Amino acid sequence: MSLSVSSEILSGVFSIFLSVDWLTTQVSLAAFPILSQQPITDPVTMFLVLVGVMLIAPLLFERLGLPGIVGLILAGVAIGPHGLGLLERDQTIVLLGTVGLLFLMFLGGLETSLDDLKKNAGAALSFGMLTFLVPMALGVAAMLLVGYGWLAAVLVASCLASHTLLALPVLNRLGIMKAAPITATLGGTLITNVLALLVLAVVVKAQAGALTLSFWLFLIPSLIVFTVMTLWGLPRLGRWFFLKFGHDENAEFVFVLVALFVVSYIAGLIEIEPIVGAFLVGVAITQQIPALSPLMNRIQFIGNTLFVPFFLISVGMLIDPLIIFKEPKTLLVAAVIILAELLSKFLAAWGTGQIFRWPFASSMTVFGLSMAQAASTLAAITVAFNLKIVDEATVNGIIAMILVSCILSPWVTERWGSRIEPGEAAPSDLSLDWGKRILVPVSNPDTETSLLNLAILLSKRLEGTLLPLHVLTDRQGKISEQQQTHQQRLLSIAENLAHAAVVDVSTVARVDHSIEKGVLRAATEHQASLIICGWKGQTSNRSGLFGNVIDSILQQATVPVLVARFPKPASMMDRIVLAIPATRQLLDADELALMLAQRLAEELKAPLELLLIYSGARTRMATPWVDELSDEIVITRTNGSLIQQISRVLKPTDLLVLPARRGRYQGKISVRRTPDAVAYRNSDSSMIVVHTPPRSAQALTFTKITRSAPAPV
C-alpha cells in the first residue's frame, strides 16, 4: 500500500513541479519581463519577497493538507532562477540559507537527549544501527545500479540513513510518547544522524583527495576531543552563564547563538562539517533549557519562523523542474531514491520489532516516524551539491524523496499509532486540574521569575492560566503613588514573562487589609486551583514556620499550596528528589507531590529519585503503592530520621520535593517544622514544600500513577 501511495504522490509532486514552472514562466513573460531577466537586488525588496513567501506558502499548503515545509521549498522554486527569476541565489541567499541550515540542525539536536539512549538502551542501539546500516546498504547498491560512482552513492545512502522526527506532534496528540518503541526511536535517531553526518565528513574529504592516513590520525582524536568538550564542557559553561546572568533573557538567547556558531566554527577548523557541531550543540544544551521555558519558546519561534524558512527557500532555488526533460534520468533517480528510502526504513523498523517482539502496529508507527527526511538530509545534500559531489538530478531526486516522506510520515504514524494499546505506552499523564489556574503572589523582582517559571512549567501543557498577584495593604493608611507604580512594575514583569512563554495570563492588582487576606480572597474570586508562594528558606521561631503570611495562607487555603525556595533557577537542577515517609497508603500531599515531581522531571529533563524513608516500627511496613510507580523512577529505601536522610543524599544541584505533614505548633494545627530544618542544613539546595488542605476543604480528584507491569524494587 505504501509503495502505491508513494507512486501516486510522486506523480502529484512532479505535476506540481511542472505546473509551477509553466505558471511562473507565463507570469514572468506577461507581468515581469524585466524582473525575469534582472533579479531583484534591492535589500528591502528582497526581504519583502522572502517574508511574503514565508507568510503565504505554509498557510496555503497547510490548507491543502500538506506540510508547510513542502510549500516553502516549492516557493523557492517559483521565485528562484528556475522560476520567475525574482531572486538570484547570490551571496545574500547563501548567507541566510547557511544560518538557517545551522539553526535547523541545532533544533534537531534540541529534540534529542542523551537520556533517550539510557531508556530502552538495547532497543535504541539496535534500531539506531539498523536504520543506519540498512539504508546505507540498499542506497549504495541502488545508486551504483543506476550508474553513480562510489562517493556519490555513499553520500546519497547517508541521506537515506538519517531522518527527521517530523511526526512527533502526532505522537504527543495520541499520548504514546512514553511507549517503549517510541523511546527507542528517539535514541536511535541520535545514533543514525550522527553516523550519517560522519559519513558526510569522510565523503567530503575523499572528494578533495585528502582521505589519507594523516587525515584519520587527525580526525579521530580531534573528533573525540571535540565531541567530549562539547557534550561535557558546554553544559557546564551554560550552567555558569545562566546562574550568573539568568535574569537577562536577551543575554540567554544571545549566549545560545554564540555557542551555536562558535562550536560550528570549531567543527570547520577540525575539518568536519559545521552542521555536525550545530547538532551537538543542541544535544549538549537541551538539558539547560526546559521544553516549556520562555527561552525554548524564543529559540523555536525565531528558528522556525525566520531562520529555517530561509534555508528551505534557498534549497528550493536549487531545483530545476525542467531537468526532467533535459535529463530524463532524473525521474529514474527520484524513483530509485524514494523506493530505497521507504523500503530500507521499513526493514529497519520491522527488523527491530521482530528482535524485541513489538506488535506490528508499533513497528509501523516507528516506520512512519523514522521515514521523514528533512533536516539532516537537506543539510547533507546542500553541502554535497556545493562541493559538486552530486548533480542537479540527484538534488531533485532527494527533494522529491523529502516531499514524499514528509507527506507519508504523519499519515502512517497517525494510522498505526492510534492502534497501539494503552499498556504499551506506560503513561505518565496525570490528573493535573490543579494546574489550570495558578495564583502566584509576587513581591520581590529577584524571586518573581523563578516562581513564575515554575508555574509556567506546570500549566503550559494544560493550556492553563497564570494569575500573578500583588497585594498592597492599606493598614498604614492611603496607598502612595510610589507603591502603585511598584505594583504595576512587578505585574508587568510577570505578564511579559508569561507572554514570552505563550501562556495565558491575567494579572491581579489588589488592595486589602492584609497580604494573606488579599491572597486568599483573590484565590476565591479568580477560582485559583493552586497557589505558589516564595520562601526565603529559614524563618525565626517568632515568625512561625514559613513566616506569618504564608503560615496564615496554609491554614486557611482551600486549594493546594506550593511553598518554593529557589537559590538557583529551576532549569539548573540535575535531579529531582522526592522524599516521602513510608506509609501503607499515600496521603493527599504525597500524591500531589508525586505528580508534581514527575511533571518537573519530565519538563526539566532531569531524573527522578524517590527517597522512601522508614523509621522505628515502620521498618518492615508494606508499601504496595510503590509497585504502581513508573519504571523511570529510581527508588531508594532508607531507615532513620527524615531530616538526616534527606540531608545525606541532597546535593546543591538537586530540587527537593517534600510533602508537608501536619502537627501542632503553639497550640494550633500547622505544618511540622521538617522543611525549616532541612532548609537550615541545606542552604544551597532548592526545594518545594507541597501542602494540601483538609479533604473537607478541597475539591480535587487525584489520579494514581499506573503502569503495565510491576517494577523491580
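Here are the numbers for the structure shown:
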{"item": "Any pair with Cβ under 7 angstrom, 6 or more apart, that starts in the stretch 435-464 at a residue that is among the β-branched types (Val, Ile, Thr) and ends at one that is at pLDDT below 80 and not in a helix (DSSP H, G or I)", "result": "Thr449/His247; Ile456/Leu292; Ile456/Ala501"}
{"item": "Residue that is farthest from the chain's Cα centre (by Cα) [pool: residues in the stretch 457-473 that are modelled with pLDDT of 85 or more and buried (at least 20 other Cβ atoms within 10 Å of the Cβ)]", "result": "Val471"}
{"item": "Check on Ala372, in a loop (DSSP other than H, G, I, E, B), assigned by TED's automatic domain parsing to the domain that holds Leu151 and under 16 Å from Leu312 (Cα atoms)", "result": "yes"}
{"item": "Counted residues, the stretch 474-515 - those being of a type outside the set (Lys, Arg), assigned to a strand (DSSP E or B) and buried (at least 16 other Cβ atoms within 10 Å of the Cβ)", "result": "3"}
{"item": "Unique residue being buried (at least 24 other Cβ atoms within 10 Å of the Cβ) and more than 33 Å from the chain's Cα centre (by Cα) when the list is Gly76, Gly83, Gly71", "result": "Gly83"}
{"item": "Residue check for Gln287: within 26 Å of the chain's Cα centre (by Cα) and at pLDDT below 80", "result": "yes"}
{"item": "Count of residues meeting criterion [surrounded by 15 or more Cβ atoms within 10 Å (Cβ to Cβ) and either in contact with a strand residue (DSSP E or B) (Cβ under 6 Å, 6 or more places away or on another chain) or under 20 Å from Leu198 (Cβ atoms) (or both)] in the stretch 230-259", "result": "3"}
{"item": "Inter-residue pairs, beta-carbon under 7 Å, first in the same structural domain as Arg475 (by TED's automatic domain parsing) and in the stretch 518-529, second among the acidic types (Asp, Glu), 6+ apart", "result": "Gly518/Asp512; Arg521/Asp512; Ser529/Asp433"}
{"item": "Within the stretch 86-108, considering residues that are buried (at least 20 other Cβ atoms within 10 Å of the Cβ) and outside any helix (DSSP H, G or I), the one farthest from the chain's Cα centre (by Cα)", "result": "Leu86"}
{"item": "Positions within the stretch 260-309 being surrounded by fewer than 23 Cβ atoms within 10 Å (Cβ to Cβ) and among the polar types (S, T, N, Q), in sequence order", "result": "Thr286, Gln287, Asn297, Gln300, Asn304, Thr305"}
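Listed here are the residues, each with its yes/no results for (1) more than 24 Å from the chain's Cα centre (by Cα); (2) at pLDDT below 80; (3) among the acidic types (Asp, Glu).
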site: Ser362; (1), (2), (3): no, no, no
site: Ser370; (1), (2), (3): no, no, no
site: Ala375; (1), (2), (3): no, yes, no
site: Ala379; (1), (2), (3): no, yes, no
site: Asn386; (1), (2), (3): yes, yes, no
site: Ile402; (1), (2), (3): no, yes, no
site: Ile407; (1), (2), (3): no, yes, no
site: Trp411; (1), (2), (3): no, yes, no
site: Glu421; (1), (2), (3): yes, yes, yes
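To keep it simple, each residue is scored yes or no on (1) in a helix (DSSP H, G or I); (2) modelled with pLDDT under 85; (3) closer than 30 Å to Ala455 by Cα.
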site: Met229; (1), (2), (3): yes, no, no
site: Arg236; (1), (2), (3): yes, no, yes
site: His247; (1), (2), (3): no, yes, yes
site: Ile275; (1), (2), (3): yes, yes, no
site: Ala291; (1), (2), (3): no, yes, yes
site: Met296; (1), (2), (3): yes, yes, yes
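The values are calculated or read from the model by the stated rules, or taken from the named source; none is laboratory data. These numbers were taken from a predicted model, which means no experiment stands behind them. Note that each Cβ is placed from the backbone with ideal geometry, even for glycine, and that neighbours are counted across all protein chains shown.
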